[in-house]
Structure formats: C-alpha cells, structure tokens
Amino acid sequence: MNINEFYKNIKKKYPNTREVLEQLDEIKDMLNSKVQNYVKNGMKYEEASSKAINELGNIDELFDDISKDAKIVHNLYIKILTSLISSFSTAFLVFILGLIIENLSFFNEVTKIGYKLTMPYFYLILFIYIIIYTLWNFSDNIKPKIRKYSYDIYKINLKNSIIAVLIYSSIMLIINIITYKYNNYLWFIWAFNGILNWTISIIADYHLFRSSIFEYKK
C-alpha cells in the first residue's frame, strides 16, 4: 500500500472534519519524509511506503478520539423528529395545564375562557412551526452531512436556553401582573410554554444526534 492509498482509506473511514484532515496531513507529510529517506538509502518506493506505514502502528485510537464528537448523519430526519418531539411535548404540557386551569377554582372564568379560545391557535402555531422547522435549509440537510456536537457544547446550549426561559418568563409574568386589571387573564403561561419549546428542542436534538438511529452508514 502506498501513502496515497493509505490516506484515502483513512479519509473514508472518518468524518472529514477540520481536525481529522489536519491530523491526516501531518501524518502524510511525516510518511513522505520517511519514504524519501528510505528511498535515498536504496529501498524501493513500495517497500519504503509499506515500512513507513507499518511503523505508524494502530492509529485508529487517535482518529477515534479526534472524531468522537463528529458524525455523518441524516440531519434532515433529526430536524424533523426534533421538531415533532418538541412540539408535541409542548402541546402535551399545554393540554395538562389546560386541565389544571379548568379544574382549579383559583383560575377565574375569564382565564378559563381565554384558555379555550387560545388552544386552537396554539396548536395551529405549533403546526406551522413544524412545517417551517422542517423546510428550513431543506436542500442543505437532505443529504448526509458532517455534524460535530460535543457534550460540552450541549451543556452550554442547554444552560443558555434554561436561563433565557427563566428570564423571558419572569418578564412576561411581571407584565401580566401589571396588566392583569385590564385583561383579567393569565396569558403568560402560553408564552412560557412556547419558549420552553426551545429547551426541549436542544435536548431532543442532542440525544438524537448521539444515538445511532440517524447515523449515515457508507
């Protein structure tokens, strides 16, 4: 096996992320340097190439570590399922919340009527969201693509989304309390459920990416 064949085989085996390609180029340069020295000392090119490659030993562990957070996935399917999971999870929470509102005397009739009037629009918005989320960058995601998503990045995204949900919900609750005498309706709970969709999407997307369900098999 010559160096070019070795390079191509490794390249096919792992996602072509920047880190993998940089490491491959370093190894290729090192192999070429060794082969040149062996050829100068009278060894044939093919024999020199085989010797240089064999001296590398097992490099799978190195590339497994470099590409552990990268996968070639069917990203469109992940987006569709993420959208469905987050939307129906949010819809389920809204349904449960609606039952609580309907059955607790704490909520007045205006809030109960507001809930019944709001529900159809809420589900309509969720449906539109699923369509838009699915079609967003459709052409870019229809083919298998390389994604790199580490657990550290996931934790940061999740933390930021939770902080944002808490901040926005607090702001809307304060506005709702201030304006309550004008509308007599607790509307902030619907906005809270809508924003919570963001956090649910991040959790669903990461776990679908880490699973082997949508991983592209060559």
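The values are calculated or read from the model by the stated rules, or taken from the named source; none is laboratory data. Owing to the predicted nature of the structure, the values given are computational and were not obtained by experimental measurement. Glycine also receives a Cβ, built like all others from the backbone with ideal geometry; neighbour counts cover every protein chain displayed. Calculation scope for accessible area: heavy atoms of the full protein, side chains included, ligands and nucleic acids excluded. Shrake-Rupley method; radii C 1.70, N 1.55, O 1.52, S 1.80 Å.
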What number, in percent, do you get for the relative contact order of the stretch 77-193 if the mean sequence gap of Cα pairs under 8 Å and at least 6 apart is divided by its residue count?
38
In units of 2.2 N^0.38 Å, the Cα radius of gyration of the stretch 47-101 is 2.40
Give, in nm to one decimal, the length gained when the segment between E47 and T118 is fully stretched (0.36 nm per residue of separation minus the Cα-Cα distance).
18.0 nm
List the extent of the Cα atoms of the stretch 1-62 along each of their three principal axes, largest first, rounded to whole Å.
37, 17, 16
Quick calc: nm separation of the 7 Å Cα→Cβ label points for I175 and D152 -> 3.7
Whichever aspartates and glutamates have a C-alpha closer than 18 Å to that of K181, once near sequence neighbours (fewer than 8 apart) are set aside
E109
Please list the equivalent ellipsoid semi-axes of the stretch 96-218, computed as the square roots of five times the alpha-carbon gyration tensor eigenvalues, in descending order and whole angstrom.
36, 17, 13
Suppose a student asked you for the relative contact order of the chain, using Cα pairs under 8 Å spaced at least 6 residues apart; what percent would you report?
30
Dipole check, the chain, charges on Cβ (K,R +1; D,E -1), about Cα centroid: among V39, S170, W187 the Cα furthest to the positive pole belongs to W187
Could you compute how much accessible surface Y77 exposes when probed at 1.4 Å, giving the result in Å² to the nearest 10?
110
Under a crude label model (7 Å from the Cα following the beta-carbon direction), how far is L81 from K145 in nanometres?
1.8
So, R0 is 22 Å and r is the distance between the beta-carbons of I100 and N183; what FRET efficiency does that work out to, to 0.05?
0.65
Principal axis extents for the stretch 167-218, Cα atoms only, whole Å, descending order, please.
62, 17, 11
Filter on K51/K145; K28/K155; K12/K51; K13/K145; K79/K217; K11/K34 - keep pairs with C-alpha separation over 26 Å
K51/K145; K28/K155
Å³ per residue of the Cα convex hull, for the chain?
134
Figure the gain on full extension for Y7 and K40 (residue separation times 0.36 nm, minus the Cα-Cα span) and round it to one decimal in nm.
9.6 nm
Given the protein chains as shown and a 1.4 Å probe, how many square angstrom of F127 are accessible, to the nearest 10?
120
Quick one: if the Förster radius is 35 Å, what FRET efficiency do I128 and L21 give, using the C-beta to C-beta distance and rounding to 0.05?
0.30
